[in-house]
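What follows is a single structure, written as structure tokens, with notes after it.
The values are calculated or read from the model by the stated rules, or taken from the named source; none is laboratory data. A quick note: this is a predicted structure, and the numbers were derived from the prediction, not measured. Neighbour counts are summed over all protein chains in view; Cβ atoms, including those assigned to glycine, are modelled from backbone coordinates with ideal geometry.
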Amino acid sequence: MRISTVTIFEQSLNAMSRQQGEFLRVGQQIASRRRVLNPSDDPQAAARAVGLQQSIATNQQFADARISTRNALSQEESVLNSIADAITSAKTRLVQAGNDTLSDADRTSIASDLKGIYEALVGLGNSADGNGRYLFAGYKDNSPPFVKSPAGNIEYQGDEGVIAQQVDSARQMPSSDNGRQIFQSVHSASGFLARAADDNAGTLTFKGPAGSGAAGFELSFAVDASGGVTYSTDGGTTHQPYTPGQTVSVNGLSLTLEGIPADGDRLTVSRAQDAKPDLFRTLEDMIARLDTPVSSPVDQAALRNTLATSMRELDNALDNVLTVRASVGSRLNELDMLDSVAGNRLLNYQQTLSELVDLDYNKAVSEYALRQVGLQAAQKAFLDVQNLSIFDRM
């Protein structure tokens, strides 16, 4: 078979070009440290690598979300700690106010201390993060959640929403708690709370309630023409005689009563969560009572009843804040666990991706040397073909 000189030249050039291309490809692999430079190098590995890279990017997004959530929760935990300290300080002032030897000026001084604690709590309730968003406003985080009404009371202007972030593929975590959960709620196990009516005109005081009842109740007192005192439960027609120091038990709950009630005086016992809990209202009531001069036994009884109710409310508020703080701590611990799981997941992704597209240097260096020899052989063969001529034989 006759082979033309053009064919010989073309085949030699093609062979040399192929060897140059392979030599260049191996050199690029070594330079980039990757085996798969183009999808055509290994279509299956390239496709799997795209999926893994997307998974790594998603994993990083979750990691960024966890950092943001951790910062928010850490700031909330710090504020909650300050709130708990403020409530503890208020309880200490209430214990001092219960001393019967104090004068009106002494009680006014304690009221002044409580006003400072009150204002500090308002400031803590309106805490904001570094971006100007209020921590405890729920979804309405662009304005202060606690504002003073025209009547001088603190009112909650936020909502009950809870901002959450997707911190993992199957976990959406709350990154904050709203103000109602913290300042206007109590733990479900808070029990019952007793409160004397504001218009009581006698010297009736109470201790308690104690026990684990099923439902609250109201005691109404009546005084007959001879001065005898009786009480009825929940507005009933059955009246029981009353004597100072008596313990009244209703629905599994007991109250120890002292003093002489006036006709129409009332005591109400209700579940703490049904009594519209409000930390700011508790302090407002206590400050107003301490600022009121005690000029009669009736005033003294009103002071003692307010102290008893307020102390129980502060106990419930502190328990609630500590419960929320424990929830924040558990979420922070969960974030640490999710970080650990995500770190292991990322290592698996990177290892699999490396197995798919990264270069085996030992194999690559050997192939590089082989392609170099092949290219040199192709170049030598081309030179030899180039020198072939029949005229050299003549």
Close pairs (8 angstrom Cβ cut-off, 6 or more residues apart or separate chains): touching a residue at least 60 places away in the same chain (Cβ under 8 Å) in the stretch 104-119, of a type in the set (Val, Ile, Thr) and part of a helix (DSSP H, G or I) anywhere: Ala111/Ile287; Leu114/Ile287; Lys115/Ile287; Tyr118/Ile287
Filter result (of a type in the set (A, V, I, L, M, F, W, C) and touching a strand residue (DSSP E or B) at 6+ places or on another chain (Cβ under 9 Å)) within the stretch 215-232: Ala215, Phe217, Leu219, Phe221, Ala222, Val223, Val229
So, in the stretch 164-189, of the ones that are touching a strand residue (DSSP E or B) at 6+ places or on another chain (Cβ under 8 Å) and either touching a residue at least 60 places away in the same chain (Cβ under 8 Å) or of a type in the set (Asp, Glu) (or both), which residue ends up nearest to Glu77 (Cα to Cα)? Ser175
Do you know which of the residues in the stretch 120-145 that are in contact with an Asp or Glu (Cβ under 8 Å, 6 or more places away or on another chain), of a type outside the set (Gly, Ala, Ser) and in contact (Cβ under 8 Å) with a residue 12 or more places away in the chain is farthest from Ala72 (Cα to Cα)? Lys140
So, of the residues in the stretch 224-240 that are under 19 Å from Leu255 (Cβ atoms) and touching a residue at least 12 places away in the same chain (Cβ under 8 Å), which turns out to be surrounded by the fewest Cβ atoms within 10 Å (Cβ to Cβ)? Gly235
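For every residue, the table says whether it meets (1) under 19 Å from the mean Cα position of the chain (by Cα); (2) assigned to a helix (DSSP H, G or I); (3) of a type outside the set (Asp, Glu); (4) farther than 17 Å from Asp278 by Cα.
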{"site": "Ala120", "(1), (2), (3), (4)": "no, yes, yes, no"}
{"site": "Gly130", "(1), (2), (3), (4)": "yes, no, yes, yes"}
{"site": "Lys140", "(1), (2), (3), (4)": "yes, no, yes, yes"}
{"site": "Ser143", "(1), (2), (3), (4)": "no, no, yes, yes"}
{"site": "Ala151", "(1), (2), (3), (4)": "no, no, yes, no"}
{"site": "Glu155", "(1), (2), (3), (4)": "no, no, no, no"}
{"site": "Gln165", "(1), (2), (3), (4)": "yes, no, yes, yes"}
{"site": "Arg180", "(1), (2), (3), (4)": "yes, yes, yes, no"}
Among (1) at pLDDT below 95; (2) surrounded by fewer than 20 Cβ atoms within 10 Å (Cβ to Cβ), Asp85 falls short only on (1)
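Within the stretch 325-338, identify whether any single residue is without any contact (Cβ under 8 Å) to a residue 24 or more places away in the chain, outside any helix (DSSP H, G or I) and either buried (at least 17 other Cβ atoms within 10 Å of the Cβ) or among the polar types (S, T, N, Q) (or both), and answer yes or no.
No, the conditions are met nowhere in the stretch 325-338.
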Assess whether Thr292 counts as being buried (at least 21 other Cβ atoms within 10 Å of the Cβ) and closer than 20 Å to Asn153 by Cα. no
Report yes if some residue within the stretch 243-253 is exposed (fewer than 13 other Cβ atoms within 10 Å of the Cβ) and under 17 Å from Thr309 (Cα atoms); otherwise report no. no
All-but-one check, Lys276 against (1) closer than 14 Å to Gln181 by Cα; (2) modelled with pLDDT under 95; (3) in contact with a helix residue (DSSP H, G or I) (Cβ under 9 Å, 6 or more places away or on another chain), failing number (3)
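The rows are residues; the columns are (1) modelled with pLDDT of 90 or more; (2) assigned to a loop (DSSP other than H, G, I, E, B); (3) under 34 Å from the mean Cα position of the chain (by Cα).
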| residue | (1), (2), (3) |
| --- | --- |
| Ser188 | no, yes, yes |
| Ala194 | yes, no, yes |
| Ala201 | yes, yes, no |
| Phe206 | yes, no, no |
| Pro209 | yes, no, yes |
| Ala215 | no, yes, yes |
| Ser220 | yes, no, no |
Among the residues of the stretch 85-118 satisfying the criterion of being assigned to a helix (DSSP H, G or I), over 20 Å from Leu322 (Cβ atoms) and of a type in the set (Asp, Glu), which is nearest to the chain's Cα centre (by Cα)? Asp113
Is there a residue in the stretch 258-280 that is over 43 Å from the mean Cα position of the chain (by Cα), in a loop (DSSP other than H, G, I, E, B), over 24 Å from Gly98 (Cα atoms) and in contact (Cβ under 8 Å) with a residue 24 or more places away in the chain? yes
Suppose the filter is in a loop (DSSP other than H, G, I, E, B) and either out of contact with any Lys or Arg (no Cβ under 8 Å at 6 or more places or on another chain) or among the hydroxyl-bearing types (Ser, Thr, Tyr) (or both); does Gly227 pass it? yes
Condition test on Ala302, is it aliphatic (A, V, I, L, M), under 26 Å from Ser103 (Cα atoms), part of a helix (DSSP H, G or I) and in contact with a helix residue (DSSP H, G or I) (Cβ under 8 Å, 6 or more places away or on another chain)? yes
Taking the stretch 305-332, which residues are out of contact with any helix residue (DSSP H, G or I) (no Cβ under 7 Å at 6 or more places or on another chain), aliphatic (A, V, I, L, M) and within 19 Å of Ala86 (Cβ to Cβ)? Ala326
Mind checking which residues of the stretch 88-121 are crowded, with 17+ Cβ neighbours inside 10 Å and β-branched (Val, Ile, Thr)? Ile110, Ile117
